[in-house]
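The values are calculated or read from the model by the stated rules, or taken from the named source; none is laboratory data. Being a predicted model, the structure only gives us computed values, none of them experimental. Ideal geometry is used to build each Cβ from the backbone, glycine not excepted, and the neighbour counts take in all protein chains shown.
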Amino acid sequence: MGRGSLRMEKGEVICPERVRRLPTYLEIRERVLEVGREPIALSKSISKKALVKYSARLERVFRYVEENVLARLQEVNKVLSISFYRELASNAVPEGVDLVNVVGRLVGKVKVVRKLYREYKARVMSSIDRPEAEELYREYVGRVLSVIRRLSKDIELVNVAIDELRKAPCIDFAKPVVAVAGLPQVGKSTLVAAISTAKPRSSPFPFTTKEIVLGHIELDGTTVQILDLPGILDRPPEEMNRVERKALIALTTVAQVIVFLVDPSEDFYYGFDSQLNLLKAMLNLAGSKVVVAINKVDKVSEERLANVAKAVEEVAPGVTVVKISALKRLGLAELLNALRNFLSEAKPQG
């Protein structure tokens with residue numbers, strides 16, 4: 001099912017990448033006006049053909065709005081009922097916008113179109129002649145378009161959220177989730193590609209990973225979901241950019257275990273102290289759910305590696321530390337064993 005699935009309480013499975021954008025006011029207007037020009041095939045035996053024709057056009061307009069606006073809003077509502085997706089979507093829109101309220105307001109206003117349809121269908125079928133039926137149809141179309149036009153800004157906001165949701169990974173909350181985190185350029189994407197089915201893009205430039213990438217791995221017969229997160233800098237959450245906040249959202253809402261990657265190189269661009277500071281923040285965030293993986297061990301001396309491991313243990317006493325090279329695939333078995341131990345104690349979030 002694409003990149004995964006979201007399992008709803010009653011067994012329904014929904015993937016955010018399948019949520020469809022809402023048509024804009026101009027798109028709706030164009031389609032509604034097309035309906036008025038489309039021929040209506042009627043049986044010769046039908047009486048009052050003009051009234052039936054305009055009644056059928058009324059229904060076509062109503063069905064279009066119901067299926068392409070109301071039904072899509074209901075899809076969005078289902079996805080927003082999950083905190084992970086709700087926070088990702090909210091991260092994409094201006095601060096202070098309550099997406100749940102915006103979607104609810106849209107649903108309420110669009111349902112007015114249903115009420116108008118029932119009213120005008122009865123009036124059209126009670127018309128005395130074709131001109132009256134045509135006039136009522138045009139009046140109905142005008143009122144529908146007036147409703148939609150007033151909702152244009154809300155539709156635009158929801159479409160921004162939908163665009164973000166369509167890029168989000170489809171997490172199955174019945175299965176465990178491991179998030180790979182750290183500063184930019186520590187080798188997160190390389191590690192995720194080495195241990196899972198994911199093939200994230202790697203690059204020598206920081207912030208190459210701008211979206212959350214999902215992979216899977218089998219551990220003792222259990223499918224584990226591995227998330228490659230965008231890099232996070234050593235700064236408070238309120239100073240983070242939107243890309244960094246995506247990683248923070250995943251860490252706080254879906255991860256059972258965090259693999260915190262450390263680059264031990266002395267010439268690492270962001271410095272070793274920044275990594276230790278971020279590790280402290282991860283520990284405050286996740287407590288004992290953190291595994292520290294010192295990466296790129298093939299590029300540093302044994303002495304440097306020992307000093308880095310000692311500094312990590314001083315900052316995080318008792319934390320599980322493994323030494324790996326994701327690129328050379330060294331130490332990955334030890335890392336996976338550490339994950340087995342953590343996941344045997346952790347329960348998937350729902």
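Of all the listed residues (Lys246, Lys296), the sole one being in contact (Cβ under 8 Å) with a residue 40 or more places away in the chain and under 21 Å from Leu214 (Cβ atoms) is Lys246.
Does Val144 fit the bill of being out of contact with any helix residue (DSSP H, G or I) (no Cβ under 6 Å at 6 or more places or on another chain), crowded, with 24+ Cβ neighbours inside 10 Å, part of a helix (DSSP H, G or I) and among the hydrophobic types (A, V, I, L, M, F, W, C)? So Val144 does not fit the description; no. Looking only at residues in segment 78-125 that are within 19 Å of Pro237 (Cα to Cα) and charged (D, E, K, R), the one that is surrounded by the fewest Cβ atoms within 10 Å (Cβ to Cβ) is Glu95. Taken as a whole, the structure leaves Leu261 outside the set of residues that are closer than 16 Å to Lys188 by Cα, crowded, with 17+ Cβ neighbours inside 10 Å and touching an Asp or Glu at 6+ places or on another chain (Cβ under 7 Å). If you check Glu27, Glu87 for being under 30 Å from Ile171 (Cα atoms) and either at pLDDT 95 or above or touching a Gly at 6+ places or on another chain (Cβ under 6 Å) (or both), only one passes: Glu87.
Can you find a residue that is β-branched (Val, Ile, Thr), under 32 Å from the mean Cα position of the chain (by Cα) and modelled with pLDDT of 95 or more anywhere in segment 259-280? Yes, that holds for at least one residue.
Only a single criterion out of (1) in the same structural domain as Val61 (by TED's automatic domain parsing); (2) at positive phi is not satisfied by Arg149, namely (2). In this entry, Pro200 passes the filter for residues that are more than 28 Å from Gly318 (Cα to Cα), assigned by TED's automatic domain parsing to the domain that holds Lys296 and of a type outside the set (Val, Ile, Thr). In segment 230-257, what residues are in contact with an Asp or Glu (Cβ under 6 Å, 6 or more places away or on another chain) and closer than 19 Å to Thr190 by Cα? Scanning segment 230-257 gives a single hit, Ile232. Checked against (1) touching a residue at least 12 places away in the same chain (Cβ under 8 Å); (2) of a type outside the set (Ser, Thr, Tyr); (3) farther than 24 Å from Ala168 by Cα, Gly271 passes all but condition (1). Here Phe84 passes the criteria (1) without any contact (Cβ under 8 Å) to a residue 40 or more places away in the chain; (2) of a type outside the set (Val, Ile, Thr); (3) under 30 Å from Leu214 (Cα atoms) except the one numbered (1).
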